[in-house]
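S.K.: Pasting in a structure now, in structure tokens, and then I'll have a few things to ask.
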Amino acid sequence: MPASAKLLDGRSSLSHALLIQWATAIVTVILVAAPLGPILWQSFLDKPLYETGALTLRNYSRLFGDPDFHDVLANSFQLAGLTTLVACAAGVVFALFIERTNLPGRRWLRPLVLWPMYISQLVTAFAWYIIYGPSGYITLLGERLIGVPPWDMYSIPGMAIVAGVTQAPLVYLFCSSSARMADATLEDAGRSMGAGALRVLWSISLPLMRPAIIYSALLVFIGSLEMLAVPLVFGRPAGLEFFTTFLFSRGLGAITPDYGLVGAAAALLLAIVSGLLVLQGLLLSKAGRFVTVKGKAQRPKVADLGKAGPPIAAALWLYLVLALLIPLIGIVLRAFTTFLTPLLSPFELLTFDNFTILAKYPAYIRSITNSVVIAFVGGVGATTFVALLALVVQRSSFPFRRQLEYVALYPRAMPGVVAGIGFFWAMLLIPGASLLQGTIWILMIAFAMRGMPTAYGALAPAMMQIGKELDQSARSVGASWWTVSTRIVLPLMKPALFSAFTLLFLGMLKEYASAVFLFAPGAEIIGTTMLSFWANGNSGAVAALSVIQLLITFLFVTAARLITRTHRDV
């Protein structure tokens, strides 16, 4: 090829690459800014954002002057604090004993402790309500034995236990990685001084996990502030309002929504969560003193619990039985019975009516198929887009790639309810966006935006592990950026791409908080249909839908594990 032709070809490849990179950056910014802009704009307007209004601070003054909102703030922070304590206590204990000791049965405990993470918080809340709620099966059983209700789930401590169970796997996930990497020689030094296994865990292993505990604790605190399911199921019947239920009731439940107040509350929640993420970064900025993995090789070693092992294992199994197994059995029994009570055997009340109701109406069937379609198509689409985004950030010379990374990670600070309100308002403001209103596509876009940081977190580290000399070798023989990315980098990342898709599929299947503001007849999903049934007092249909969602989740997780075991390149 003549030199002039090569030069033209090179310039064409460069412009092609720049076009892709700029397009990726613009779409990312639009995705993140679309819900943010309308919320901030509405919070300073004296009228609904689709009318001509003037700028004002009155929405904030009304919000902070509302005594009910003071209770909302106090309740939200109390629930988030107690949930963080419960989740951290459970997650850290499991991580320490499973990863740093010879606990009997730890190979079985390891996958089971993660299962609450796969299950929707909405399903977990309903399952706990059916078993431990004021008229729950175990609650009534306990009341018959001791004469009074043994606990009150309509209280903030009761709600914190449910919420803590749903968040404990997140703490375990972060702390178990830290525990596995802990330097065994430090623990050996402690044992050589005469310390027992439990003393070593408390005095050496636990302090070394402090960065992971801080990181996960703040994530749990943030997740508790933006949680909707538990406050909706357990808080509203007792008149307890939280941030998310306040937004839900003022934005969706009111006959005439107070747009200004909702905008101000959503902006405030956004600011609090963003501030907590900044605090998280500051707290971990000096984590160097906790480094334990250095150049010197070390042999993995676990502590011998001796006679303390069986009782500790029994206590951990008891937690899983009470927190996970019994509620799941309860919701399955409720799905196949007319009602669930300790006064009658469930086998005398067996029925398929709850599933028959779902099969009779196309809207209910559609909510199931919509959920699966959104999770699969949205998961594939979002994985593809985030892979492209990671290529631009990690493997290109795009001038704003570092700023683009911050934008891509920002949605982790955006609660689901706030994202739903933001996208709903964006459709009113952006020309042509109203075409998406009431379709599954807007749900897919909102869920993809929410899942972007998770997918990026799965892809970026894997991409960083691929040496850049591979790119340089291919570029030296004339390959373009796009050819190198699609023929070399992405094929090497199949396992990470599959992990990202798995996380996105499960996240989109469980998502409901942002959908409550966006769905319409024809675009129902399992979560919104469950909330409709719950509002009408039909707990049997809620249980039936929960069982269907659990079955889909179980089949998907099992298939994903089989694929990763049988295909080494995935």
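The values are calculated or read from the model by the stated rules, or taken from the named source; none is laboratory data. These figures come from a predicted structure and were not determined experimentally. Here Cβ is always computed from backbone atoms with ideal geometry, including for glycine, and neighbour counts include all displayed protein chains. To get the accessible areas, we keep the full protein, side chains included, count just its heavy atoms, and leave off ligands, DNA and RNA. Shrake-Rupley method; radii C 1.70, N 1.55, O 1.52, S 1.80 Å.
S.K.: Once the whole set of protein chains is in place, how much accessible area is left on LYS47, using a 1.4 Å probe, in Å² to the nearest 10?
M.R.: Spelled out: LYS47, probe radius 1.4 Å, area about 90 Å².
S.K.: Which FRET efficiency value, to the nearest 0.05, do you get for LEU279 and ALA479 by plugging their Cβ-Cβ distance into 1/(1 + (r/R0)^6) with R0 = 51 Å?
M.R.: 0.70
S.K.: Continuing with the same structure: What's the center-to-center distance, using Cα atoms, between region 54-75 and region 348-426 in Å?
M.R.: 31
S.K.: Could you give me the ³J(HN,Hα) list for region 331-342, computed from phi with Karplus coefficients 6.51, -1.76, 1.60 and θ = phi - 60°, whole Hz, x at Gly and Pro?
M.R.: In residue order, the calculated couplings are 6, 5, 4, 5, 5, 10, 10, 6, 7, 10, 8, x Hz.
S.K.: Still on this structure, I have one more. Taking a ≥ b ≥ c as the square roots of the eigenvalues of the Cα gyration tensor of region 14-159, is the shape rounded (a/c under 1.5), prolate (a/b larger than b/c) or oblate?
M.R.: Oblate.
S.K.: Of THR24, MET452, VAL392, which is farthest towards the positive pole of the chain's charge dipole, taken about the Cα centre with +1 and -1 on the beta-carbons of Lys, Arg and Asp, Glu respectively?
M.R.: It is VAL392, whose Cα lies furthest towards the positive end.
S.K.: Find how much the distance from TRP115 to VAL148 grows on full extension, using 0.36 nm per residue of separation minus their present alpha carbon separation; answer in nm with one decimal.
M.R.: My answer for the length gained is 8.6 nm.
S.K.: Read phi for every residue in region 411-421 and hand back ³J(HN,Hα) as whole Hz from Karplus 6.51 cos²θ - 1.76 cosθ + 1.60, θ = phi - 60°, with x for Gly and Pro.
M.R.: x, 5, 8, 10, x, x, 4, 5, 4, x, 4
S.K.: Using the 2.2 N^0.38 Å rule of thumb for compact globular proteins, work out how region 421-570 stacks up: its C-alpha Rg over that value, please.
M.R.: 1.37
S.K.: Here is a further query. Could you please report the charge total around THR338, scoring K, R as +1 and D, E as -1 over all other residues with beta-carbon less than 10 angstrom from its beta-carbon?
M.R.: Neighbourhood net charge equals -1.
S.K.: Per q in 0.12 Å⁻¹, report the Debye log10 I(q)/I(0) for region 35-112, using one uniform scatterer on each alpha carbon and no solvent.
M.R.: Values, matching the q order: -0.63.
S.K.: With charges set only on the Cβ (+1 for Lys and Arg, -1 for Asp and Glu), what does the dipole of the chain come to about its Cα centre, in debye to the nearest 20?
M.R.: 1980
S.K.: At what distance in nm do the modelled label points of LYS468 and GLU348 sit from each other, each positioned 7 Å from its Cα along Cα→Cβ?
M.R.: Between LYS468 and GLU348, the label points sit 7.4 nm apart.
S.K.: Indicate the gyration tensor shape class of region 215-267 (rounded, prolate or oblate), computed on the Cα atoms with a ≥ b ≥ c the square roots of the eigenvalues: a/c under 1.5 is rounded; otherwise a/b larger than b/c is prolate and the rest oblate.
M.R.: In terms of gyration-tensor shape, oblate.
S.K.: State the Kirkwood hydrodynamic radius of region 138-272 in Å, one decimal place, computed from all pairs of distinct Cα atoms.
M.R.: Every distinct Cα pair counted, the radius reaches 18.5 Å.
S.K.: Could you pull out every residue, at least 5 positions away or on a different chain, whose amide H is within less than 5 Å of the one on THR337? Hs are placed 1.01 Å off N in the peptide plane, and Pro or chain starts have none.
M.R.: THR351
S.K.: Here is a further query. Taking θ as phi - 60°, what are the ³J(HN,Hα) couplings along region 320-327 by the Karplus curve (6.51, -1.76, 1.60), each to the nearest whole Hz, with x for Gly and Pro?
M.R.: Each residue of region 320-327 in turn: 5, 5, 6, 8, 10, 5, 5, x Hz.
S.K.: Provide Rg over Rh for region 156-225; use the alpha carbon set for both Rg and the Kirkwood Rh (inverse mean inverse pair distance).
M.R.: 1.11
S.K.: What Rg and what Dmax come out for region 86-165 when only alpha-carbon atoms are used, in angstroms?
M.R.: 15.3, 43
S.K.: Can you pull the accessible area of ASP353 for me, 1.4 Å probe, Å² to the nearest 10?
M.R.: Near enough 90 Å² of accessible area.
S.K.: Using the crude model of +1 on Lys and Arg Cβ and -1 on Asp and Glu Cβ, and no other charge, please compute the dipole size for region 430-522 relative to its Cα centre, in debye to 20.
M.R.: 80
S.K.: For a quick protection proxy, order the peptides 189-195, 535-541 by their average other-Cβ count within 10 Å, most packed first.
M.R.: Top of the packing list down: 535-541, 189-195.
S.K.: Around VAL393, what is the net charge, scoring Lys/Arg as +1 and Asp/Glu as -1 over all other residues with Cβ under 12 Å from its Cβ?
M.R.: +2
S.K.: Follow-up question, since we're still on this one. Amide H of LEU45 versus every other amide H placed in the peptide plane: which residues, excluding those fewer than 5 positions away on the same chain, fall under 5 Å?
M.R.: The list, which skips near neighbours in sequence, is THR56.
S.K.: What is the magnitude of the charge dipole of region 339-422 about its Cα centre, with +1 placed on the Cβ of each Lys and Arg, -1 on the Cβ of each Asp and Glu, and no other charges, expressed in debye to the nearest 20?
M.R.: Here region 339-422 has a charge dipole of around 500 debye.
S.K.: Net charge within 12 Å of ALA229 by Cβ-Cβ distance, Lys/Arg positive one each and Asp/Glu negative one each, not counting ALA229 itself?
M.R.: 0
S.K.: A further question on this structure: For region 104-160 and region 201-217, what is the separation of their Cα centres, given in Å?
M.R.: 27
S.K.: Provide Rg and Dmax in Å for region 366-446, with only Cα atoms included in the calculation.
M.R.: In order Rg, Dmax, the Cα atoms of region 366-446 give 15.0, 45 Å.
S.K.: In Å and on Cα atoms, what radius of gyration and Dmax does the chain show?
M.R.: When restricted to Cα atoms, the chain yields Rg and Dmax of 25.6, 94 Å.
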